[in-house]
Amino acid sequence: MRYPILVALLLISVSVTLAQKIHAHNDYAKTRPFVDAYEQRADFIEADVWLQDGKLVVCHDKPTIIAPTLDSLYLKPIVKLFEQNKGKVSPDRDYTFGLVIDVKDTPADVLPKLLAMLQKNLACFNRSANTKAIQVIISGNRPRIETYLDYPLLKFDGRPSEVYDQETLQRVAMISDNFYSYSRWDGIGDIPSDDRDKLKRVIKRAHNDSEPIRFWGIPDMPNAWKQVKKLGVDIINTDKVSECVQVMR
């Protein structure tokens with residue numbers, strides 16, 4: 001009669017708490033774009049991308065001067081890491097990440113150019129062939145939902161307001177939304193109960209679709225990170241990657 005209790009205790013003892021997933025927001029604006037987020041093992045690394053003179057460039061606002069290219073800041077360094085680590089992005093065999101491309105221009109112009117660049121290094125960017133490849137995720141100006149299946153190699157940043165059929169849902173990497181659509185909380189103390197209820201509802205809806213959820217615009221401080229984690233938020237959106245890693249992992 002003691003065996004069920006022993007089994008339960010064994011299961012508890014071997015249970016593993018998954019590390020908090022962290023999204024490096026506006027990574028390109030940092031002193032060391034890509035490098036710092038990579039060294040901190042961020043799960044998602046974000047770059048705002050525009051089309052300038054036929055090239056994909058990285059900057060926050062529409063470029064008026066020559067901006068650094070997506071290739072130079074992200075794609076080439078990623079390829080180099082795969083070469084150094086024999087088919088992996090890191091000596092840590094378990095580590096990989098999502099490269100989140102926040103499209104600022106027309107997706108019909110940006111995405112074909114992006115795909116052409118990725119297809120030059122499929123071992124690095126095709127997760128169907130290499131489970132440790134970098135998953136490229138399209139956010140910002142996304143194409144129409146019914147065209148998601150037309151873009152091999154890419155996944156998409158979903159929204160709670162959107163409806164997906166089961167096939168298209170497989171191309172959604174996460175559900176994201178603006179925190180301020182649900183709460184004006186400043187990060188001090190506890191999230192107001194009414195706001196918590198609204199957040200819990202949208203979190204549950206994402207989880208019912210087996211999708212992780214992220215909110216941008218949360219107060220970027222330790223108390224807020226901990227509070228949203230308690231609610232079930234899977235991915236912490238932050239500009240303070242190093243501090244967030246220290247606090248949350």
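The values are calculated or read from the model by the stated rules, or taken from the named source; none is laboratory data. This structure is a prediction, so every number in the text was calculated from the model and none was measured. Here the Cβ positions follow ideal geometry from the backbone for every residue, glycine too, while neighbour counts run over all protein chains shown.
May I ask you to list pairs of residues, at least six apart or on different chains, whose Cβ atoms are under 7 Å apart, with the first in the stretch 55-75 being under 21 Å from VAL136 (Cβ atoms) and the second being assigned to a loop (DSSP other than H, G, I, E, B) and of a type in the set (A, V, I, L, M)?
Between residues of the stretch 55-75 that are under 21 Å from VAL136 (Cβ atoms) and residues that are assigned to a loop (DSSP other than H, G, I, E, B) and of a type in the set (A, V, I, L, M), the close pairs are VAL57/ALA67; VAL58/ALA67; CYS59/ALA67.
Go through ASP102, ASP92 for me and flag whichever is of a type in the set (D, E, K, R), touching a residue at least 40 places away in the same chain (Cβ under 8 Å) and buried (at least 16 other Cβ atoms within 10 Å of the Cβ).
ASP102
With respect to the numbered conditions (1) in contact with a Leu (Cβ under 8 Å, 6 or more places away or on another chain); (2) at pLDDT 95 or above; (3) farther than 25 Å from GLU39 by Cβ, which one is the sole condition not fulfilled by PRO152?
(2)
Part of a helix (DSSP H, G or I), over 20 Å from THR106 (Cα atoms) and not acidic (Asp, Glu): does that describe THR168?
Judged against the criteria, THR168 is a match.
Provide a single number: the residues in the stretch 1-44 that are within 24 Å of ILE213 (Cα to Cα), at pLDDT below 65 and among the small types (Gly, Ala, Ser).
Selection size over the stretch 1-44: 1.
Please verify whether the stretch 107-125 includes one or more residues that are surrounded by 19 or more Cβ atoms within 10 Å (Cβ to Cβ), small (Gly, Ala, Ser) and modelled with pLDDT of 95 or more.
Within the stretch 107-125, not a single residue is surrounded by 19 or more Cβ atoms within 10 Å (Cβ to Cβ), small (Gly, Ala, Ser) and modelled with pLDDT of 95 or more.
Does any residue in the stretch 15-44 that is of a type in the set (Val, Ile, Thr) come within less than 7 Å, Cβ to Cβ, of a residue that is at pLDDT 95 or above and assigned to a loop (DSSP other than H, G, I, E, B) six or more places away or on a different chain, and which pairs are these?
Final answer for the pair search is ILE22/ALA42; ILE22/ASP43.
Starting from residues that are within 19 Å of the chain's Cα centre (by Cα) and assigned to a loop (DSSP other than H, G, I, E, B), keep the ones in the stretch 146-163 and report whichever is surrounded by the most Cβ atoms within 10 Å (Cβ to Cβ).
By that ranking, first place goes to TYR151.
Among helices (runs of 4 or more DSSP H) lying entirely in the stretch 27-145, which contain 1 or more residues that are among the charged types (D, E, K, R) and within 25 Å of LYS240 (Cβ to Cβ)?
Ranges flagged: 35-39.
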